[in-house]
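Trainee: Structure incoming, see below.
The values are calculated or read from the model by the stated rules, or taken from the named source; none is laboratory data. Computed from a prediction, not measured in an experiment: that's the story for all the values here. Here the Cβ is made from the backbone with ideal geometry for all residues, glycine too, and neighbour counts use every protein chain on show.
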Amino acid sequence: MRLPHPRTREPFASPVPPGAGWPGDVASPATPVARSADDVARLAAASSDLADVDACSTVCRACPRLVAWREDVAVVKRRMFRDQPYWGRPAAGFGDAAATLLVAGLAPAANGANRTGRLFTGDRSGDWIFAGLHRAGVANQAESVDAADGLALTGVRMAAAVRCAPPGNAPLPAERDACEPWLRRELELTAGTVRGVLALGAFGWGAVLTVARHLGWSVPRPAPRFGHGAVAPLTRPDGVVVHLVGCYHVSQQNTQTGRLTEAMLDDALALALRLSRGTPPA
Ligand code: SF4
């Protein structure tokens, strides 16, 4: 996939403007647009509910490299999807607004969520995580193909640490930091119910620890290390404990090599769900 030369970036623009009727798009032409990391921090802090976070984050243009990449991918398209419209915007959180468990991933896939507009939807990683959530009884269907497929989660919300598809699935540290306030605000606004976070991969794990520190939560020292099945208690100032659980990422790199099996995913999901619900071990 080519990246546009800086001088040619201007012609690229989000192929789906807010308010164009894309399924699940809660932004409108009046939604404020973040154009810098400071804007993200300000708009995230000012978001009064999840719909605000979803709307503002999906029109965000704070990271020039990622904006150029996501929009270029949406214009060039993968050959097998050439007849489909691409979202080409950041992917908001998705799921139950009263979730007890947040599933934290890395970032949208260039031809997955960047195409369908819904996190994990339309790629192999999504096939794995939604099938797992369905086996766990918290998704109404095992497949996710597009943003209008009727998928619904119960008690679970998903969010990405970085909301734009990055080249090579590798956001830069500055991009990770710029995007952090969206996830932070999402955790603040779900504080009434969220008691567990399942981090898919080390990147998501680290992002949640950073958010927790920024929220003033007590994080064990030394910093808990990511591992499949690892658990770290994060204690909020009000004494409520949010359990962070690690799970190998559902990327093809892991699922096709056997590093992550269905049984391993099911075990990590079950552990995270049990801790988030405050239910004792079986
Ligand atoms: S990565 Fe996050 S902060 Fe950067 S442009 Fe995308 S949504 Fe905005």
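Trainee: Tell me, which residue of the range 45-58 that is in a loop (DSSP other than H, G, I, E, B) and within 15 Å of the ligand (Cβ to nearest atom) is surrounded by the fewest Cβ atoms within 10 Å (Cβ to Cβ)?
Mentor: 47
Trainee: Turning to a different aspect of this structure: Could you say whether any residue in the range 106-116 is under 20 Å from residue 178 (Cα atoms) and among the β-branched types (Val, Ile, Thr)?
Mentor: no
Trainee: Listed residues 61, 70; which is within 9 Å of the ligand (Cβ to nearest atom), more than 15 Å from residue 161 (Cα to Cα) and not in a loop (DSSP other than H, G, I, E, B)?
Mentor: 70
Trainee: A further question follows. Out of contact with any Ser or Thr (no Cβ under 9 Å at 6 or more places or on another chain) and among the polar types (S, T, N, Q): is that true of residue 114 in this structure?
Mentor: Yes; evaluated as a whole, the condition is true for this residue.
Trainee: Consider residue 162 carefully, then state whether it is within 16 Å of the ligand (Cβ to nearest atom), at pLDDT 95 or above, part of a loop (DSSP other than H, G, I, E, B) and β-branched (Val, Ile, Thr).
Mentor: Yes: the conditions hold for residue 162.
Trainee: Tally up the residues in the range 73-90 that are more than 14 Å from the ligand (Cβ to nearest atom) and assigned to a loop (DSSP other than H, G, I, E, B), please.
Mentor: Selection size over the range 73-90: 7.
Trainee: If you don't mind, another one. Of everything in the range 18-40, what is more than 10 Å from the ligand (Cβ to nearest atom) and either in a helix (DSSP H, G or I) or polar (S, T, N, Q) (or both)? Give them in sequence order.
Mentor: Listed by number, the residues that qualify are 28, 31, 38.
Trainee: For residue 213, state whether it is among the basic types (Lys, Arg), within 16 Å of the ligand (Cβ to nearest atom) and modelled with pLDDT of 95 or more.
Mentor: no
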